[in-house]
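Asks: Below is a structure I'd like to ask you about.
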Amino acid sequence: MIPEYLQSNPYIRSGYRYGLNFIGCLFSLFYLNNESINVWSHLIGAGVFLYFFFRDIYIGNALPFLKSTSDYYFFLLYTFSVVICMFGSVLFHLFGCMSSRIFADFLKLDLCGIGISILGCYLYGLHITFECYHDWRIRYETIIICITFIAVIYYVHAVKQYITRNIHISLFVIISLLGFLPGLHWYCLHGGWSNRFVQHFFPKLFVLYGILGVGTIVYLTKFPERFFPGYFDFIFASHQIWHISSLCAFIWWYVNGIELLQYRRRNPCHTLHK
């Protein structure tokens with residue numbers, strides 16, 4: 001009998017692991033189960049961002065202009081916020097089957113990782129785009145730090161209410177959508193679409209939200225397994241699609257952040273309004 005705390009998605013009928021010890025969970029990395037894609041997608045994701053760290057930040061060959069600037073620390077913050085999120089997710093999906101208590105403990109870690117990664121995304125983006133508007137950047141950074149902190153505390157204390165169903169991500173989705181507010185403000189501060197910097201950056205924001213939007217809608221609607229129960233137990237389930245879309249969004253934000261920072265370096269503040 002599958003423990004109730006593992007049955008968060010009624011449309012996933014098989015492939016569950018339960019009653020495993022630590023070694024058994026590690027061994028489950030090497031055979032297909034309904035958590036395999038969830039674990040490996042973010043394990044690979046953590047590896048990708050560690051590669052980014054060594055290539056761009058530690059060695060610095062790709063980003064020599066980062067040295068001795070505040071940009072260095074924001075890239076470092078974002079990179080490791082994603083790594084923390086990825087590893088938190090891996091630990092939850094890999095070891096959560098051991099017991100309901102371990103499930104709850106690692107769920108808290110997973111939720112904290114999501115909050116940290118959202119915060120890292122915001123601070124990274126605000127630093128790049130509001131470099132010429134220091135006061136507004138500080139205001140937005142303060143607001144998002146406070147909101148994220150409250151959200152993480154709320155979810156950590158509410159974990160016991162979510163053990164028998166999917167992690168409720170609505171609040172994190174709302175926090176992510178709030179990014180449109182500083183985005184629109186930034187659009188106005190730079191004079192709208194006639195500004196070259198706006199033309200270069202603004203579409204990238206919509207691509208980011210498009211990637212996240214697809215993953216979020218699939219996750220919340222439990223598509224496609226809702227319509228074909230039992231057929232997507234191992235691959236292409238909604239949670240797996242959400243994992244892949246979130247990783248793609250993180251990579252998109254990182255790669256384009258580098259491009260945008262290079263653009264800003266070539267076009268200092270006094271030229272960005274033209």
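The values are calculated or read from the model by the stated rules, or taken from the named source; none is laboratory data. Every value quoted in this text rests on a predicted model; they were computed, and no experiment measured them. Note: ideal-geometry Cβ built from the backbone for every residue, glycine included; neighbour counts use all protein chains shown.
Asks: For the condition buried (at least 21 other Cβ atoms within 10 Å of the Cβ) and under 15 Å from the mean Cα position of the chain (by Cα), what is the one hit in PHE80, PHE49?
Replies: PHE49
Asks: Now for a separate question. Among the listed residues TYR263, TYR231, which satisfies the condition of being surrounded by fewer than 20 Cβ atoms within 10 Å (Cβ to Cβ), of a type in the set (Ser, Thr, Tyr) and in a helix (DSSP H, G or I)?
Replies: TYR263
Asks: Any residue in region 186-205 that is among the β-branched types (Val, Ile, Thr) sitting within a Cβ distance under 9 Å of a residue that is in a helix (DSSP H, G or I)? List the pairs, counting only those 6 or more apart or interchain.
Replies: These pairs meet every condition: VAL198/TRP186; VAL198/TYR187; VAL198/GLY192.
Asks: With the condition kept exactly as written, say whether any residue in region 84-104 is assigned to a helix (DSSP H, G or I), hydroxyl-bearing (Ser, Thr, Tyr) and either in contact with a Lys or Arg (Cβ under 8 Å, 6 or more places away or on another chain) or within 23 Å of ILE2 (Cβ to Cβ) (or both).
Replies: Within region 84-104, one or more residues are assigned to a helix (DSSP H, G or I), hydroxyl-bearing (Ser, Thr, Tyr) and either in contact with a Lys or Arg (Cβ under 8 Å, 6 or more places away or on another chain) or within 23 Å of ILE2 (Cβ to Cβ) (or both).
Asks: With (1) without any contact (Cβ under 8 Å) to a residue 40 or more places away in the chain; (2) closer than 30 Å to TYR124 by Cβ; (3) not small (Gly, Ala, Ser) as the list, and ARG101 as the residue in question, which single condition is left unmet?
Replies: Among (1) without any contact (Cβ under 8 Å) to a residue 40 or more places away in the chain; (2) closer than 30 Å to TYR124 by Cβ; (3) not small (Gly, Ala, Ser), the lone unmet condition for ARG101 is (2).
Asks: Does region 83-107 hold any residues that are charged (D, E, K, R) and either over 21 Å from TYR154 (Cβ atoms) or crowded, with 18+ Cβ neighbours inside 10 Å (or both), and which are they?
Replies: Residues satisfying the conditions do not exist here.
Asks: Determine which member of the set TYR16, TYR31, TYR5 is farther than 30 Å from ARG264 by Cα, among the hydroxyl-bearing types (Ser, Thr, Tyr) and exposed (fewer than 13 other Cβ atoms within 10 Å of the Cβ).
Replies: Result of the check over TYR16, TYR31, TYR5: TYR31.
For (1) out of contact with any helix residue (DSSP H, G or I) (no Cβ under 9 Å at 6 or more places or on another chain); (2) hydrophobic (A, V, I, L, M, F, W, C); (3) under 15 Å from PHE250 (Cα atoms); (4) in a helix (DSSP H, G or I), each residue gets a yes or a no:
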residue: LEU171; (1), (2), (3), (4): no, yes, no, yes
residue: PRO182; (1), (2), (3), (4): no, no, no, yes
residue: CYS188; (1), (2), (3), (4): yes, yes, no, yes
residue: VAL214; (1), (2), (3), (4): no, yes, yes, yes
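Asks: On to the next question. What residue, of LEU91, LEU107, LEU111, is of a type in the set (A, V, I, L, M), closer than 29 Å to ASN21 by Cα and in contact (Cβ under 8 Å) with a residue 60 or more places away in the chain?
Replies: Being of a type in the set (A, V, I, L, M), closer than 29 Å to ASN21 by Cα and in contact (Cβ under 8 Å) with a residue 60 or more places away in the chain holds for just one of LEU91, LEU107, LEU111, which is LEU107.
Asks: Continuing with the same structure: Among residues belonging to region 206-242 that are β-branched (Val, Ile, Thr) and free of Cβ contacts under 8 Å to residues at least 40 places away in the same chain, point out the one that is nearest to GLY257 (Cα to Cα).
Replies: If we take residues in region 206-242 being β-branched (Val, Ile, Thr) and free of Cβ contacts under 8 Å to residues at least 40 places away in the same chain, then VAL214 is nearest to GLY257 (Cα to Cα).
Asks: Here's another thing I want to ask about it. List, please: which pairs have Cβ atoms under 9 Å, are six or more places apart or on different chains, and start with a residue in region 128-142 that is within 12 Å of GLY183 (Cα to Cα) and assigned to a loop (DSSP other than H, G, I, E, B) and end with one that is of a type in the set (Asp, Glu) and modelled with pLDDT of 90 or more?
Replies: Correct list of pairs: PHE130/GLU141.
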